[in-house]
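The values are calculated or read from the model by the stated rules, or taken from the named source; none is laboratory data. Please read all numbers here as calculations on a predicted model, not as lab measurements. Neighbour counts run over all protein chains shown; Cβ positions are idealised from the backbone, glycine included.
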Amino acid sequence: MPSLEIVQAAADPDFYTRVSYLALRTAQNVASEGESAPNHEARVQYANRVFRGDDNAALLAQHVATNPAIGAALEQGNPVPDGDIEYALASIWDARANSFYVPPPVTT
């Protein structure tokens, strides 16, 4: 799979704007989940980052494009359904959340 075509398609403003919008929907779902959800604190912290617009939309779109189905669709110039993007966002959410996570200060 030629990565250049995928990278170029994922860098298209129409695509990364859609990804950014769908990330807001995913962030809302995460913010509404129960505190007992695994990795909840990091997931909500990342959701807040998305809410504030502090995530890089183009880089997030590149990460979404690593999903094999999305990468193949982009490579072939086919449309990517919103549901596929939402699935990819849900599957990478913890990895992104953990990479940006800042634990609360330890109090003694």
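General observations
- Residues of the range 8-67 classified as under 16 Å from residue 90 (Cα atoms), more than 14 Å from the chain's Cα centre (by Cα) and charged (D, E, K, R), total: 2
- Condition broken by residue 80, with the remaining ones in (1) in a helix (DSSP H, G or I); (2) over 12 Å from the mean Cα position of the chain (by Cα); (3) touching a residue at least 12 places away in the same chain (Cβ under 8 Å); (4) within 26 Å of residue 8 (Cβ to Cβ) satisfied: (1)
- Check on residue 31, surrounded by 12 or more Cβ atoms within 10 Å (Cβ to Cβ), modelled with pLDDT of 95 or more, assigned to a helix (DSSP H, G or I) and of a type in the set (Gly, Ala, Ser): yes
- On the stretch given as the range 35-74, residues that are in a helix (DSSP H, G or I), in contact with a helix residue (DSSP H, G or I) (Cβ under 7 Å, 6 or more places away or on another chain) and either within 13 Å of residue 15 (Cα to Cα) or among the basic types (Lys, Arg) (or both) total 12.
- Residue list for the range 1-28, restricted to those being hydrophobic (A, V, I, L, M, F, W, C), without any contact (Cβ under 8 Å) to a residue 40 or more places away in the chain and either within 22 Å of residue 47 (Cα to Cα) or buried (at least 21 other Cβ atoms within 10 Å of the Cβ) (or both): 24, 27
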